[in-house]
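Take a look at the structure below.
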Amino acid sequence: MASRTSSPLVHPDVEDFDLFKIMSALTDETRLTIVVTLAASPGLACSGFNRNVTASVLTRHFRVLREAGVIRQHDVGTRRINTLRKDELDQRFPGILDLVLKESVGRVEPYTNCDSA
C-alpha cells in the first residue's frame, strides 16, 4: 500500500539515537503527554488523540518524537499508527523510558477517549 505522504517516514536506527535529542523531544508537555498516552494505550492513530492543539501542530509533535527515535509510525490505510520504541530505547539507553514515565506522574495525564487502531 502506498504511503499517505509523498516523503517516507524517517526513523533513526538504534545506534543513531542521540540522548540529548531524545530528552529535548520529551521536554515539551504535549510530546510528553503523547508518550504517556502511548505507554498506556499502544498503537493509537494520530487522529485518535484527544487534543487541544491543531492537527498541524500535533503532526509536528509526532515528527519530533519520531525523528528522535521515541516513537515509530506506520500507515494502515488512511491512518497513521503510533507506538513507542521502548525495546529499542532500552537497548541503547537502559531504563530511560521507564524513568521518563515515572517522572511524568503528576506532571501530565494521558489523553482520554482515544481511538485505538
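The values are calculated or read from the model by the stated rules, or taken from the named source; none is laboratory data. Quick caveat: nothing in here was measured; it's all calculated off a predicted structure. Methodologically, a virtual Cβ is constructed for each residue, glycine included, from the backbone with ideal geometry; neighbour enumeration extends over all protein chains shown. The area values use the complete protein model at the heavy-atom level, side chains included, leaving out ligands, DNA and RNA. Shrake-Rupley method; radii C 1.70, N 1.55, O 1.52, S 1.80 Å.
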The number of residues in segment 17-37 that are in contact (Cβ under 8 Å) with a residue 12 or more places away in the chain and out of contact with any helix residue (DSSP H, G or I) (no Cβ under 9 Å at 6 or more places or on another chain) is 2
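Could you please find all residues in segment 64-76 being touching a strand residue (DSSP E or B) at 6+ places or on another chain (Cβ under 9 Å), part of a helix (DSSP H, G or I) and either farther than 25 Å from residue 93 by Cα or charged (D, E, K, R) (or both)?
Within segment 64-76, 66 is the sole residue that qualifies.
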Only one of (1) buried (at least 18 other Cβ atoms within 10 Å of the Cβ); (2) farther than 19 Å from residue 10 by Cβ; (3) small (Gly, Ala, Ser) does not apply to residue 39, and that is (1)
Checked segment 79-113 for anything open to solvent by 40 Å² or more (accessible area, probe 1.4 Å) and part of a loop (DSSP other than H, G, I, E, B); matches are 94, 105, 106, 107, 109, 110, 111, 112, 113
In segment 21-50, residues that are under 14 Å from residue 100 (Cβ atoms) and outside any helix (DSSP H, G or I) total 2
All conditions in (1) in a helix (DSSP H, G or I); (2) of a type in the set (A, V, I, L, M); (3) open to solvent by less than 80 Å² (accessible area, probe 1.4 Å) are true of residue 53 except (1)
